[in-house]
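In what follows, a structure is listed as structure tokens, so that the remarks can point back to it.
The values are calculated or read from the model by the stated rules, or taken from the named source; none is laboratory data. What you see is a predicted model, and the numbers here were worked out from it, not measured in a lab. Cβ atoms come from the backbone with ideal geometry, glycine included; neighbour counts cover every protein chain shown. Areas reflect the complete protein model, heavy atoms only, side chains present, ligands, DNA and RNA absent. Shrake-Rupley method; radii C 1.70, N 1.55, O 1.52, S 1.80 Å.
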Amino acid sequence: KGLIGSILVAYLAMKWTAPSFDPESLKGARVLVTGASSGIGEQMAYHYARFGAQIVITARREKVLQQVAERCLSLGAQKALHIAADMAIESDPERVVDFALEKLGGLDYLILNHIGPTTFGMWEGDVEHTRWLMKVNFFSYIQMAWRALPSLEQSKGSLVVVSSLLGKMTNPFTLPYSSTKFALNGFFGSLYHELAMKKSNVSISICSLGLIDTDSAMEKVRGVTNVPAYPATEAALNIIIAGATRQLDLYYPWFTQPEDN
Ligand code: NDP
């Protein structure tokens with residue numbers, strides 16, 4: 001199924017649940033996407049590029065980022081800049097936001113998506129790894145969000161957090177990862193209420209994804225599960241639409257959404 005098919009599926013899914021998506025609204029939008037050197041983040045960068053956005057992308061691998069940025073320009077991005085950063089380093093989250101604010105003159109969308117590598121298996125007491133993963137997958141998110149909030153407030157912008165069904169339900173074999181996603185859901189779900197109390201202009205979207213066919217995810221689950229994996233490009237588009245339509249919760253694929261009691 002091509003891009004048009006994906007847009008159509010995402011559009012139809014949204015039509016019943018959310019205000020309609022206007023692709024024109026993303027033309028010239030100032031966007032920062034983290035974890036954009038591969039997987040869903042990379043696909044989000046390409047979609048934003050096709051919509052004519054101004055993009056800053058980040059991850060650790062500079063050379064790969066450069067290639068992604070070049071492709072974004074060829075796809076139609078008004079701007080595509082990159083900055084290498086390691087989100088486990090205390091000062092890098094703020095450094096990245098400052099770079100984007102300076103280069104783009106503000107932000108309309110902050111898309112928090114990166115995750116550090118982790119193993120799939122029984123927890124054997126590796127507290128240090130869990131602490132490190134918490135820095136990468138959680139603390140850097142709250143640092144970046146706090147740094148970007150004043151600009152998002154000015155632009156009536158959107159904060160998009162990429163989370164997981166493993167941040168909603170407990171399961172074996174992914175304890176450190178799952179903990180970071182529960183932390184994200186708790187923090188940003190609560191921040192949503194505080195922003196509402198302050199009558200803030202900023203929207204929050206929390207995206208709970210099922211299994212997506214990125215290389216890193218497929219490598220982990222190969223031979224372990226036969227649950228179908230959904231396409232990264234479609235997941236990416238659904239996340240972008242959730243942000244653009246200021247939807248609080250996105251479940252992708254849609255049938256993973258828990259039923260209301
Ligand atoms: P990938 O593993 O494909 O991409 C992870 C990205 O994070 C890469 O760009 C990587 O680039 C970057 N990254 C890794 N470590 C660091 C670090 N220390 N500092 C900065 N950047 C880092 O992930 P996916 O695309 O599969 O997942 C994207 C999001 O979707 C995540 O939030 C994930 O939890 C969520 N999700 C994914 C699912 C799936 O099945 N794929 C299921 C549910 C949720 P580099 O190595 O260059 O730093």
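Listed values, structure above:
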{"item": "Separation of the residue 222 and residue 119 label points, Cα + 7 Å toward Cβ, nm", "result": "1.8"}
{"item": "Largest to smallest accessible area among 156, 135 [probe 1.4 Å]", "result": "156, 135"}
{"item": "Chain lengthening between residue 197 and residue 8 when straightened (0.36 nm per residue, less Cα-Cα)", "result": "64.5 nm"}
{"item": "Value at 222 nm in deg cm²/dmol, rounded to 500, when DSSP H runs of n ≥ 4 in the chain each add -39,500 (n - 2.57)", "result": "-14500 deg cm²/dmol"}
{"item": "Mean separation of Cα contacts under 8 Å (6+ apart) over length of the chain, as relative contact order %", "result": "19"}
{"item": "Accessible area expressed per residue, the chain, with surrounding protein chains retained (probe 1.4 Å, Å²)", "result": "49"}
{"item": "Separation of alpha-carbon centers, segment 34-102 and segment 192-220, rounded to whole Å", "result": "18"}
{"item": "Lys, Arg +1 and Asp, Glu -1 on Cβ, resulting dipole of segment 4-99 about Cα centre, debye, nearest 20", "result": "340"}
{"item": "The chain: DSSP helices with Cα axial extent of at least 15 Å and average Kyte-Doolittle hydropathy no lower than -1.0", "result": "3-15, 39-50, 62-75, 92-104, 140-155, 175-197, 232-244"}
{"item": "Given charges at Cβ of Lys, Arg, Asp, Glu: the chain dipole, positive-most of 76, 129, 243", "result": "76"}
{"item": "Highest-fluctuation residue, 137, 226, 201 considered, GNM on the chain with Cα pairs under 10 Å", "result": "226"}
{"item": "Calculated over segment 3-256: convex hull of Cα atoms, volume per residue (Å³)", "result": "121"}
{"item": "Only Lys, Arg (+1) and Asp, Glu (-1) charged, at Cβ; the chain dipole about Cα centre in debye", "result": "440"}
